[in-house]
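Notes for the one structure printed next.
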Amino acid sequence: MQTPPELDVSESLAARQGMTSGGASVAFSKGRKGQTLIIAVRCQGEGKIKVAVRPLQVSFSQPCVADESSTNYNVVDLSGAEREGVASVEAPSAVRWSMTIGHGAPVQAEPPGEG
């Protein structure tokens, strides 16, 4: 739980937030046009965290458990995901979390009939 989640070697780092309790905002740098935005969140503690990403108007929540650390990777493949912005986290004070934000290659669509 001490360290933020890692990115793939093919992904570039845009921001990193070490272990934090309660709410905080994390500013991230811009990527190249057409890249996806990757938001990896690791949390531990009883409760749920909410993440809102601006200027993309994207948000998600993640349940956290008292006795174990869990990590979720969220990939945003929208127009404008390569821009700089801020990820704002709302979390109960009992929840500890860390975050890594990066940019990666566009998501490849599966051909019809696959998957």
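Here, each number is a calculation from the coordinates, and none is a lab measurement. Here the structure is a predicted model, which is why all the values come from computation and not from measurement. So basically every Cβ, Gly included, is an ideal-geometry build from the backbone, and we count neighbours across all protein chains shown.
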Hull volume per residue for the chain, using the convex hull of the C-alpha atoms, in Å³ is 110 Å³
FRET efficiency (GLU6, SER61; Cβ distance; R0 30 Å; to 0.05) is 0.85
Percent relative contact order for the chain, counting Cα pairs under 8 Å at least six residues apart, stands at 43 percent
